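Undergrad: Got a structure for you, written out below as structure tokens; questions coming shortly.
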Amino acid sequence: MLSNKHILKMKQQITDRYYLIFVLPIQIDEINFDYFMAIDWANSNTNSKNVLSISLDDVYLINDKILTIINEENDSMIGPFEDGFVISNEVKGSILQKLKNINFSNKKEHEINKEITRLIELAIEIDHLIYFVF
């Protein structure tokens, strides 16, 4: 049986972790780059303009509006502890249009949405996937 101290440490590790939304750079050929290589790249390049690192609290914050739109358009289940990606530029365009028309009362959610829309625009421009690693 785990001690309370061990359980608290495990919970802290989960909340201290960062969660990634990213687009691989144009120089990387996605055809020859598998999912785990993409995640390794993002973890090694968290300061890249192609990577958005958010907290677990942020994932929950964007779950109701932003991720709901992404999931409805992408027919996916991206959310807390559920990874995914968007492949189709048509779907990305539809997501982008809807995300640009949301009004947010929460400033942080608005800022995260601006960054996600920027990454979706980049993904469309270079015809790459956008990854959500939660």
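Undergrad: For the chain, modelled as a GNM with alpha-carbon contacts under 10 angstrom, which of ASN63, ASN47, ASN113 fluctuates the most?
TA: Residue with maximal mean-square fluctuation among ASN63, ASN47, ASN113: ASN47.
Undergrad: Moving to a separate point now. Mind listing the phi-derived Karplus ³J(HN,Hα) values for the range 90-96, rounded to whole Hz, using 6.51, -1.76 and 1.60 with θ = phi - 60°, and x for any glycine or proline?
TA: 5, 5, 4, x, 5, 4, 4
Undergrad: Quick one: accessible area per residue over the chain, 1.4 Å probe, rounded to a whole number of Å²?
TA: Working: 8110 Å² over 134 residues.
Each residue of the chain exposes 61 Å² on average to a 1.4 Å probe.
Undergrad: From the backbone phi of the range 39-47, what are the Karplus-calculated ³J(HN,Hα) couplings (6.51 cos²θ - 1.76 cosθ + 1.60, θ = phi - 60°) in whole Hz, Gly and Pro given as x?
TA: So the J values, rounded to whole Hz, are 5, 4, 4, 4, 5, 7, 10, 5, 8.
Undergrad: Then there is this: List, in order, the whole-Hz ³J(HN,Hα) value for each residue of the range 77-88 obtained from phi through the Karplus relation with A = 6.51, B = -1.76, C = 1.60 and θ = phi - 60°; use x for Gly and Pro.
TA: For the range 77-88, the Karplus-derived couplings read 10, 5, x, x, 6, 10, 7, x, 8, 10, 9, 5 Hz, x marking Gly and Pro.
Undergrad: Let's test this: bin the Cα-Cα distances of the chain at 10 Å from zero up to the farthest pair and state each bin's percent.
TA: Per 10 Å bin, starting at 0, the Cα pair percentages come out as 12, 43, 32, 10, 4, 0.
Undergrad: What percentage of the solvent-accessible surface of the range 48-134, computed with a 1.4 Å probe over protein heavy atoms, is contributed by carbon and sulfur atoms? Could the numbers behind the result be given before it?
TA: Details: 2130 of 4490 Å².
Of all accessible area on the range 48-134, carbon and sulfur atoms account for 47 percent.
Undergrad: Note the angle between two axes, namely the Cα long axis of helix 4-16 and the longest principal axis of the Cα atoms of the chain, as a number of degrees from 0 to 90, rounded to the nearest 10.
TA: Relative to the chain, helix 4-16 is tipped by roughly 20 degrees.
Undergrad: Can you put MET77, MET37 in order of accessible area, largest first, using a 1.4 Å probe?
TA: MET77, MET37
Undergrad: Follow-up question, since we're still on this one. Once you've got the GNM for the chain with C-alpha springs shorter than 10 Å, pick whichever of ILE120, ILE28, ILE62 has the biggest mean-square fluctuation.
TA: Per the Cα network of the chain with a 10 Å cutoff, ILE28 tops the list.
The values are calculated or read from the model by the stated rules, or taken from the named source; none is laboratory data. Here the structure is a predicted model, which is why all the values come from computation and not from measurement. Remember, those area values only see protein heavy atoms, side chains included, never the ligands or the DNA or RNA. Shrake-Rupley method; radii C 1.70, N 1.55, O 1.52, S 1.80 Å.
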